[in-house]
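Below is one structure, written out as structure tokens, with a few remarks after it.
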Amino acid sequence: MDETLDLIIIGAGPTGLATAIDAHRRGMKYVVLEKGCITNSIYHFPSQMVFFTTPELLEIGGVPLVSEREKPTRNEALKYYRKIVGALKLNVHQYEEVQNLESTAPHRFRATTPAGSYSAANVVLAIGYYDNPNILGIPGEDLPHVSHYYTEPYAFYDRDVVVVGGKNSAAEAALDQVRGGTRVSLVHRGSEMGSTLKYWVRPDIENRFKAGEIKPFLNSRIVKITKTAVEIDQLGMAHSLPAKQVFLLTGYHTSTKFFRQLGVQFNSETLRPAHNTETFETNVQGVYLAGSVVGGRMNAEVFIENGRLHGEAIIPAIAGQ
């Protein structure tokens, strides 16, 4: 750990791993520090999730992702990325959270973890956004039966569940619940479901609305959550929805912790960090961005499909210093 590395990559998601592959192939000295497991966000996706995209757009390092169907599943992706780490012997440290990141001099950075500290001339922030749900700030949001993450339906058979949100995660959770025998209400602040719904999800959920299998409460806002119900306001009318479980699937945002520690400038509303759009270097020399962290709150702009290519710009920029 006393050795000064060429770069520290924070985050072992697909983008962080793709950047590590580019560094590895150039013979750079690097380490990937990940607070959870490899592709920790994908690991916490719903167990039966199917990606929107096709396999070749999830591939990194030129290694094919083989899928049984047209679109890969969560489990296939988890196996794929782990095989790449093992096959290429990438220097990934799992379960080693970076607690502090500081600049000690120009192009000199120190990352401190429970295991010690690492020094490097450059830092790549590939931290994603999935660990930071958008908090609604309503009474009862912290109750034990309220979650900002969806898992699977089986624990809620023949029970009342409220799903909050209008995009893919909320729609797919509601559909999965009703297929599992749950009584589902869906609450969304908009007048219709989001425009980015997957093309096979939209007709499915709209038909469930029409059939009464999922009760839609559009143009609605949550007032509070109690132990047994979700209180909402729908265009001035109060409703009390029974709920043994509540899924608040209202999106996520990137963390600004490392921005603040390093002095990276960012927009306080959008959380979008200042950066060079060609090299992804921030206003702090030697600090780069990779993946969805580039978009701040606008996480619909960067996916695995385009984020996995950021390393191809970052690593040559570092090599050319």
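Tell me the chymotrypsin sites (Phe, Trp or Tyr not before Pro) within the range 106-195 that lie in a loop according to DSSP and have at most 11 other beta-carbon atoms within 10 Å.
Numbers: sites: F109, Y118, Y129, Y130, Y149, Y150, Y154, F156, Y157; in loops: Y129, Y130, Y149, Y150, Y157.
Filter output for the range 106-195: Y157.
Seen against the Cα atoms of the chain and their longest principal axis, helix 74-88 is set at about 10 degrees. Each Lys and Arg Cβ is given +1 and each Asp and Glu Cβ -1; about its Cα centre, the chain then shows a dipole of about 360 debye. First compute the accessible area of the range 269-312 with a 1.4 Å probe, then give the percent of it belonging to carbon and sulfur atoms. Roughly 48 percent, rounded to a whole number.
In the range 140-223, if the dipole is taken from +1 on Lys/Arg beta carbons and -1 on Asp/Glu beta carbons about the Cα centre, which of G180, P153, G212 is farthest to the positive end? Result: G212, furthest along the dipole toward the positive end. Which FRET efficiency value, to the nearest 0.05, do you get for N219 and A317 by plugging their Cβ-Cβ distance into 1/(1 + (r/R0)^6) with R0 = 56 Å? Efficiency at R0 = 56 Å is approximately 0.75. Each Cα pair under 8 Å and six or more residues apart adds its separation to the average, and for the chain the resulting relative contact order is 20 percent.
What does the accessible area per residue of the range 1-125 come to in Å², with a 1.4 Å probe and no ligands, DNA or RNA counted? Mind dumping the intermediate values first?
Details: 5720 Å² over 125 residues.
On a per-residue basis, 46 Å².
My understanding is that a pair violates if its Cα-Cα distance is over 26 Å; which of K71/K257; K83/K257; K167/K244; K35/K227; K79/K198 do that in this structure?
Values: K71/K257 35 Å; K83/K257 31 Å; K167/K244 22 Å; K35/K227 32 Å; K79/K198 24 Å.
From the list (K71/K257; K83/K257; K167/K244; K35/K227; K79/K198), the Cα-Cα distance tops 26 Å for K71/K257; K83/K257; K35/K227.
Could you give the angle, 0 to 90 degrees to the nearest 10, between helix 201-211's Cα long axis and the longest principal axis of the Cα atoms of the chain? Its long axis makes an angle of about 20 degrees. Against the chain, whose longest principal axis comes from its Cα atoms, helix 14-25 is set at around 20 degrees.
For the chain, which longest stretch is free of loop sites, where a loop site is one of the trypsin sites (Lys or Arg not before Pro) that DSSP puts outside H, G, I, E and B and that has at most 12 other Cβ atoms within 10 Å? Mind dumping the intermediate values first?
Details: sites that count: R69, K89, K227.
Here the longest run is 90-226.
The values are calculated or read from the model by the stated rules, or taken from the named source; none is laboratory data. Since the structure is predicted, the reported quantities are computational estimates derived from the model, not experimental observations. Glycine also receives a Cβ, built like all others from the backbone with ideal geometry; neighbour counts cover every protein chain displayed. Heads up: the accessible areas ignore ligands, DNA and RNA and are worked out on the full protein's heavy atoms, side chains in. Shrake-Rupley method; radii C 1.70, N 1.55, O 1.52, S 1.80 Å.
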